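Peer 1: Take a look at this one; I'll ask things after.
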Amino acid sequence: MAGVSRLQYTTEIRLIRVMCSGRVDLAFILRAFSNGMDGVFIGGCRLNECNYITHGNYDALNMVLLCRRIMEHIGLNPERLRIEFMSSGEGHVLTEVINDFGKNVRDLGPLGTSEGIDENELKSKLEEVTKLIPYIKIAEREKLASRLENEEEYDGLFTSDEVDRLFSEVVSYYIDPEKCQACMICLRKCPVEAIVGGKNQIHVIDQEKCIKCGTCFEACPPRFEAVKEISGEPVPPPIPEKERKIVRKSKEK
Ligand code: SF4
Ligand code: SF4
């Protein structure tokens, strides 16, 4: 409606259309910041007026509330991220909030440098958080699916302490070479092909590829218990490739 009504809004904004505000993933926001955007605005339909049973605008709201806490955690001003809800007929609301948001972001200044974070540090912080997105989503899945009844509840959904803890307690997964029996169950179930192994080969986890989903930990049969969950300490280096062959007792004779 803003265009049809010839309403003006700041030209600094770049519009990206999605079918539903619920489609906007945490990764999209971090990518926008990584690509040099100083602010991200998400416009969704009014809460409880979703055309679909999914009510994706609640998902978008929860994700924004979480992302704002994450931004605080890495030293970015959370005011650089905003979500507002409006109907498609409220072009004047869209122009007002976009103009207001544009002014706020302009006042905040360039991303990172205004917060005292240099370019390389910002890049590595955003990369680090992006890598942890699957872990974050799994850890916070219940709250990310919640439906807040009023704005007063927004502040309490995710707390700074909770997000700080989320990052300090990041888990890693490691396969104990003494216990792995090369059954290949974890390798088949890993969603990102982060497990290296094969028949009669002790399996190892490629920590660069691992998204910390915990599937291998759940999948490794209890009689082997070869996958370890590690928190607060470094992951042991992988066993060298030439030492990965498992020699079964029956074949030793
Ligand atoms: S934690 Fe998930 S991603 Fe990482 S190795 Fe295990 S199954 Fe693969
Ligand atoms: S599921 Fe367990 S025993 Fe089987 S290959 Fe993976 S780590 Fe080894």
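The values are calculated or read from the model by the stated rules, or taken from the named source; none is laboratory data. What you see is a predicted model; the values in this text were computed from it and never measured. Note that we place each Cβ from the backbone using ideal geometry, even for glycine, and neighbour counts take in every protein chain shown. Ligands, DNA and RNA are excluded from the accessible area calculation, which covers all protein heavy atoms including side chains. Shrake-Rupley method; radii C 1.70, N 1.55, O 1.52, S 1.80 Å.
Peer 1: State whether the residues of the stretch 58-66 include one that is farther than 21 Å from PHE28 by Cβ, surrounded by 16 or more Cβ atoms within 10 Å (Cβ to Cβ) and polar (S, T, N, Q).
Peer 2: Within the stretch 58-66, not a single residue is farther than 21 Å from PHE28 by Cβ, surrounded by 16 or more Cβ atoms within 10 Å (Cβ to Cβ) and polar (S, T, N, Q).
Peer 1: Are any of the residues in the stretch 226-240 at pLDDT below 95, out of contact with any Phe, Trp or Tyr (no Cβ under 7 Å at 6 or more places or on another chain) and within 10 Å of ligand 2 (Cβ to nearest atom)?
Peer 2: No.
Peer 1: So CYS180 ticks every box in (1) in a loop (DSSP other than H, G, I, E, B); (2) open to solvent by 40 Å² or more (accessible area, probe 1.4 Å) but one. Which box is left unticked?
Peer 2: (2)
Peer 1: Report every pair of residues separated by at least 6 positions or lying on different chains whose Cβ atoms are under 8 Å apart, first residue within the stretch 222-234 and within 17 Å of ILE185 (Cα to Cα), second away from ligand 1 (no atom under 14 Å from the Cβ) and not hydrophobic (A, V, I, L, M, F, W, C).
Peer 2: Here the result reads PHE224/LYS179; PHE224/GLN181; GLU225/LYS179; ALA226/LYS179; ALA226/GLN181, each pair linking the stretch 222-234 to a residue that is away from ligand 1 (no atom under 14 Å from the Cβ) and not hydrophobic (A, V, I, L, M, F, W, C).
Peer 1: Name the residues in the stretch 166-208 that are closer than 14 Å to PRO238 by Cβ, more than 14 Å from ligand 2 (Cβ to nearest atom) and in contact with a strand residue (DSSP E or B) (Cβ under 9 Å, 6 or more places away or on another chain), would you?
Peer 2: SER172, GLN207
Peer 1: Report, ordered by the first and then the second residue, all pairs with beta carbons closer than 7 Å, sequence separation of six or more or different chains, a first member in the stretch 167-185 that is of a type in the set (Lys, Arg), and a second member that is open to solvent by 60 Å² or more (accessible area, probe 1.4 Å) and more than 6 Å from ligand 2 (Cβ to nearest atom).
Peer 2: If the second residue must be open to solvent by 60 Å² or more (accessible area, probe 1.4 Å) and more than 6 Å from ligand 2 (Cβ to nearest atom), the pairs left are LYS179/GLU225.
Peer 1: Taking GLY89 as the residue in question, decide whether it is of a type outside the set (S, T, N, Q) and more than 22 Å from LEU26 (Cα to Cα).
Peer 2: So GLY89 fits the description; yes.
Peer 1: Please specify each residue of the stretch 67-94 satisfying the condition of being part of a helix (DSSP H, G or I), over 16 Å from ASP164 (Cα atoms) and open to solvent by less than 40 Å² (accessible area, probe 1.4 Å).
Peer 2: Within the stretch 67-94, ARG80, GLY91, VAL93 qualify.
Peer 1: Scan the stretch 34-48 residue by residue and report those that are in a loop (DSSP other than H, G, I, E, B) and either over 19 Å from HIS92 (Cβ atoms) or at pLDDT 95 or above (or both).
Peer 2: ASN35, GLY36, MET37, ASP38, GLY39, LEU47, ASN48
Peer 1: Please verify whether the stretch 43-56 includes one or more residues that are buried (at least 18 other Cβ atoms within 10 Å of the Cβ) and among the basic types (Lys, Arg).
Peer 2: Checking the stretch 43-56: not a single residue is buried (at least 18 other Cβ atoms within 10 Å of the Cβ) and among the basic types (Lys, Arg).
Peer 1: Pairs under 7 Å by beta carbon, first residue within 21 Å of GLU79 (Cα to Cα) in the stretch 140-159, partner among the acidic types (Asp, Glu), six or more apart or different chains?
Peer 2: Sorted first by the residue in the stretch 140-159, then by its partner, the pairs are LEU144/ASP59.
Peer 1: Of everything in the stretch 36-73, what is out of contact with any helix residue (DSSP H, G or I) (no Cβ under 6 Å at 6 or more places or on another chain), among the acidic types (Asp, Glu) and within 30 Å of ILE117 (Cβ to Cβ)? Give them in sequence order.
Peer 2: none
Peer 1: So which residues in the stretch 13-26 are in a loop (DSSP other than H, G, I, E, B) and either of a type in the set (Ser, Thr, Tyr) or open to solvent by less than 100 Å² (accessible area, probe 1.4 Å) (or both)?
Peer 2: ILE13, VAL18, CYS20, VAL24, ASP25
Peer 1: Here's a follow-up. Name every residue in the stretch 183-193 that is near ligand 1 (Cβ under 8 Å from one of its atoms), in a helix (DSSP H, G or I) and not charged (D, E, K, R), in order of residue number.
Peer 2: CYS186
Peer 1: If you don't mind, another one. Considering each of GLY102, GLY156 in turn, give the residue that is out of contact with any Gly (no Cβ under 9 Å at 6 or more places or on another chain) and of a type outside the set (A, V, I, L, M).
Peer 2: Residue meeting the stated conditions: GLY156.
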